[in-house]
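Shown next, in structure tokens, is the structure this report addresses.
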Amino acid sequence: MNKKILVGLLTVLIVLNMFFAYNTIKKMEEEVVNTEEFTEFYTEREEEGGGVKLLESNFKVYEKHYKIVTEKVKEESKKRPEITTYVVKSGDTLGGIANKFGQTQTVIKYNNSHLGKYLKIGQKITITRGNSITYKVAKGDTLGNIAHKFGKSVSSIQESNHLKTTVVHINQKLVIESPKVDLNKISKKTTGIDIYWPVKWAGITSPYGRRFHPVLKRWIGHMGVDLRAHYIPVKASDKGIVTYSGWMNGYGNIVIIKHSYGYETRYGHLKTLKVKRGQRVRRGQLIAISGATGRVTGPHLHYEIRKNGTPINPMKFYK
């Protein structure tokens, strides 16, 4: 065979060999994502101390760089939107307050259903971080239907509220960040009562339940709690209608207010009455001055909460 032809064939073979070797190496360098492709190198038999047994030594270690998110960054990203209270000052307008906190007036109105047409100096307004709203879980609610109601995903609500599960409870307060719906078309109705404590907290003198009555000198059911209140202002626990304002045997001077969803609050042993039967009152409105009328041994406020006529321990609502 001609020497030049032989050299040419050898050259072609060397080139082809280099080409196939290059392709083989490139293929081997591809990151393997299918674990079944590791069967040449590993056995499924568990080794002592855990792990798997290496069968071949002709393997290549691949290095890949990943962006590591620190725990601090994770916590910041999951931080629940802050809820604060703003007190209305002279010259304030709803638009000005909205601009101050970067919220829309619609969001502020939704978060503060007690706001009327005009702001009042000293009035308290709930402010959430960003354009988020607060929502109180009602009977029959699920995280899924709450998410659907506000145009959000279940996972986004879980993340905003640090929820580890999708289980929610009646009266649980959630923060919904940037709802994707028209809030003017959504009612903020709940099936619970958001209690405004009727007097400045100073403790209780007699708890709810059976007790030895200090006047009757016998065991009797106590349908409310006696709060320390020495001739001080008494305020309505929630908005409603006054169904009774006057004298009642045992209670002395008493105010009874009917609220939504079957709730009723009673304020007994009052010195002075500030509201009349049939009058509508707002949450936190002054309704009386505490006293010592009726069957008592000293000044205090007898306070009751009833649901559809059945007494409930008021301390369940105290936070």
remark   = Just one listed residue, out of L115, L174, is modelled with pLDDT of 85 or more and surrounded by 15 or more Cβ atoms within 10 Å (Cβ to Cβ), and it is L174
ask   = Cβ-Cβ below 8 Å, separation at least six or inter-chain, first residue in the stretch 116-131 and on the phi > 0 side of the Ramachandran plot, second part of a loop (DSSP other than H, G, I, E, B) and among the β-branched types (V, I, T): which pairs?
value = G122/V88
query = With respect to the numbered conditions (1) assigned to a strand (DSSP E or B); (2) hydrophobic (A, V, I, L, M, F, W, C); (3) modelled with pLDDT of 90 or more, which one is the sole condition not fulfilled by I146?
reply = (1)
ask   = Yes or no: I305 part of a strand (DSSP E or B) and farther than 18 Å from I204 by Cβ?
value = no
note = Being farther than 29 Å from Q103 by Cα, outside the structural domain of H148 (by TED's automatic domain parsing), at pLDDT 95 or above and touching a Ser or Thr at 6+ places or on another chain (Cβ under 8 Å) narrows K258, K274 down to just K258
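A quick yes/no check of all residues on (1) modelled with pLDDT of 90 or more; (2) in contact with a helix residue (DSSP H, G or I) (Cβ under 9 Å, 6 or more places away or on another chain); (3) surrounded by fewer than 13 Cβ atoms within 10 Å (Cβ to Cβ); (4) under 30 Å from T128 (Cβ atoms):
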residue	(1), (2), (3), (4)
L163	yes, yes, no, yes
K180	no, no, yes, yes
T191	no, yes, no, yes
V199	yes, no, no, yes
G203	no, no, yes, no
R211	no, no, no, no
I254	yes, no, no, no
remark   = When the stretch 113-161 is checked residue by residue, the ones that are closer than 16 Å to S178 by Cβ, within 13 Å of the chain's Cα centre (by Cα) and among the β-branched types (V, I, T) are T128, I133, T134, I146, I157
query = Restricting the stretch 118-143 to residues that are of a type in the set (S, T, N, Q) and not in a loop (DSSP other than H, G, I, E, B), which is surrounded by the most Cβ atoms within 10 Å (Cβ to Cβ)?
reply = T128
task = For residues that are part of a strand (DSSP E or B) and surrounded by fewer than 17 Cβ atoms within 10 Å (Cβ to Cβ), tally how many sit in the stretch 272-288.
result = 3
inquiry  = Being in contact with an Asp or Glu (Cβ under 8 Å, 6 or more places away or on another chain) and closer than 24 Å to K124 by Cα is the requirement here; does H259 meet it?
reply    = yes
task = Identify, by number, the condition in (1) touching a helix residue (DSSP H, G or I) at 6+ places or on another chain (Cβ under 7 Å); (2) closer than 28 Å to G240 by Cα; (3) modelled with pLDDT of 90 or more that D92 doesn't meet.
result = (1)
query = Under 7 Å by Cβ, and 6 or more places apart or on different chains, what pairs join a residue from the stretch 97-114 that is assigned by TED's automatic domain parsing to the domain that holds I125 with one that is surrounded by 16 or more Cβ atoms within 10 Å (Cβ to Cβ) and charged (D, E, K, R)?
reply = H114/R283
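The values are calculated or read from the model by the stated rules, or taken from the named source; none is laboratory data. Given the structure is predicted, the values throughout are model-derived calculations rather than measurements. With ideal geometry, Cβ positions are generated from the backbone for all residues, glycine too; neighbour counts draw on all protein chains shown.
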